[in-house]
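Read the structure below first, then the notes.
The values are calculated or read from the model by the stated rules, or taken from the named source; none is laboratory data. If you're wondering where the values come from, they're calculated on a predicted model, not measured in any experiment. Glycine gets a Cβ as well: all are built from the backbone with ideal geometry, and neighbour counts include every protein chain shown.
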Amino acid sequence: MIRALLDANVLISAAIRPSGPPGQIIAALLTRSFDLIVSPGIIEEVEIALALPKIRKYLREPQKAPRWLADIAALADLVQDTGKVTGACRDPADDVVLAAAVEGRADNIVTGDDDLLVLGDFEGIAIVTRRSFLDAITS
């Protein structure tokens, strides 16, 4: 089974547009097409974003967003934010994503973040776009 860490931007995009590739990835999670890895830092980043007025206005049912996120987190393998990765990414804030992926023994990091995508891989973990991951798990 593929182990994948979904970056916060993937989860936020899935909440905004469930019919798009990120939403389809979440649907695939529900059918156990892959194992999800998340960290408290990623969950917190998504929680904060889903509460922002500029994001809430795009959600179909903003009042249900916290429960939706809690349900996804319940299906995931929660790894701790270790901070063991520093200076690996051109955006230092993205090092927590890399650290969580290493901690969770991920096969893939799924993201729309160019600062991560430019790496291509990290310590044997493929860093892929939402579309390429969706194609991989549905083919």
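A quick yes/no check of all residues on (1) touching a helix residue (DSSP H, G or I) at 6+ places or on another chain (Cβ under 6 Å); (2) more than 12 Å from Leu6 (Cα to Cα); (3) crowded, with 20+ Cβ neighbours inside 10 Å; (4) at pLDDT below 95:
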| position | (1), (2), (3), (4) |
| --- | --- |
| Glu44 | no, yes, no, no |
| Pro53 | no, yes, no, no |
| Asp81 | yes, yes, no, yes |
| Lys84 | yes, yes, no, yes |
| Ala101 | no, no, yes, no |
| Ala106 | no, no, yes, no |
| Gly112 | yes, no, no, no |
| Val118 | no, yes, no, no |
| Ile125 | yes, yes, yes, no |
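Residues of the range 17-32 that are more than 19 Å from Val97 (Cβ to Cβ), without any contact (Cβ under 8 Å) to a residue 60 or more places away in the chain and part of a helix (DSSP H, G or I): Gly23, Ala27, Leu30.
Considering each residue of the range 48-63 in turn, none proves to be under 14 Å from the mean Cα position of the chain (by Cα) and among the charged types (D, E, K, R). Scanning the range 17-41 for residues that are buried (at least 19 other Cβ atoms within 10 Å of the Cβ) and among the β-branched types (Val, Ile, Thr) yields Ile25, Ile26, Ile37, Val38. For the range 27-60, a tally of residues being within 15 Å of Leu75 (Cβ to Cβ) and out of contact with any Leu (no Cβ under 8 Å at 6 or more places or on another chain) returns 6. Scanning the range 86-99 for residues that are exposed (fewer than 15 other Cβ atoms within 10 Å of the Cβ) and in contact (Cβ under 8 Å) with a residue 12 or more places away in the chain yields a count of 2.
Got at least one residue in the range 61-68 being basic (Lys, Arg) and either more than 18 Å from Ala126 (Cα to Cα) or at pLDDT 95 or above (or both)?
Yes.
Confirm whether Lys84 is more than 14 Å from the chain's Cα centre (by Cα) and more than 15 Å from Ile12 (Cα to Cα). Judged against the criteria, Lys84 is a match.
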